[in-house]
1. Could you pull the Cα extents of the stretch 63-117 along its three principal axes, largest to smallest, in whole Å?
2. Please list, in order along the stretch 9-14, the HN-Hα scalar couplings obtained from phi with the Karplus expression 6.51 cos²θ - 1.76 cosθ + 1.60 (θ = phi - 60°), rounded to whole Hz, x for Gly and Pro.
3. Sorted by accessible area (1.4 Å probe), largest first, how do TRP35, TRP107 line up?
4. May I ask for the net charge around PHE98, where only other residues with Cβ less than 9 Å from the Cβ of PHE98 are counted and Lys, Arg are +1 while Asp, Glu are -1?
5. Near the amide H of LYS86, under 5 Å away, which other amide H atoms are found, from residues 5 or more places off or on another chain, if H is placed in the peptide plane?
6. What net charge do the residues around GLY54 carry, taking every other residue with its C-beta under 13 Å from that of GLY54, with Lys and Arg at +1 and Asp and Glu at -1?
7. Can you give me the solvent accessible area of SER84 with a 1.4 Å probe, rounded to the nearest 10 Å²?
8. In a shell of Cβ-Cβ distance under 9 Å around MET82, excluding MET82 itself, what net charge do Lys and Arg (+1) and Asp and Glu (-1) give?
Amino acid sequence: VQLQAFGGGLVQPGGSLKLSCAASGGIFSIYTMGWYRQAPGKQRGLVARISSDGQDYYVNSSVKGRFTISRDNAKNTVSLRMNSLKPEDTAVYYCNAFDSSVRTDYWGQGTLVTVSS
């Protein structure tokens, strides 16, 4: 499974960005998809996760009400809409696919989000 994340960049505090992740080489519709982030000097942590059918999702409390995760199984993509960005949201954001049938994680290469004035 290959995951390609894109959409990162530099944005001012209060601004918005949309990250997208395109998957190939697997059966996208069976994977739980997630976005993680890793800030400099910190461990990678879960930002948001969405079930294979898109009906259930989890959003970290630190971004709840600002970030929205969604997926399109027809297009093999998962997105993270980020609003009201804060400097503390600055991190490399990683797309993740979890195949529960073999308990395997797949990772994309990461896309950098910098929130700064």
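The values are calculated or read from the model by the stated rules, or taken from the named source; none is laboratory data. Since this is a predicted model, take the numbers as computed values, not measurements. As a convention, Cβ positions derive from the backbone with ideal geometry for all residues, glycine included, and neighbour counts pool all protein chains shown. Only protein heavy atoms, including side chains, enter the accessible area calculation; ligands, DNA and RNA are left aside. Shrake-Rupley method; radii C 1.70, N 1.55, O 1.52, S 1.80 Å.
1. Cα spread of the stretch 63-117 along its principal axes, largest to smallest: 43, 20, 19 Å.
2. x, 9, 9, 7, x, x
3. Values: TRP35 0, TRP107 105 Å².
Most to least solvent-accessible, the answer reads TRP107, TRP35.
4. Numbers: positive: ARG49, ARG103; negative: ASP99, ASP105.
Summing Lys and Arg as +1 and Asp and Glu as -1 gives 0.
5. Excluding prolines and chain starts, which carry no amide H, the hits are GLY14.
6. Numbers: positive: ARG49, ARG71, LYS75; negative: ASP53, ASP56, ASP72.
Counting the neighbours of GLY54, the net charge comes to 0.
7. The accessible area comes out at roughly 60 Å².
8. Values: positive: LYS18, ARG66, ARG81; negative: ASP89.
Charge balance in the 9 Å sphere: +2.
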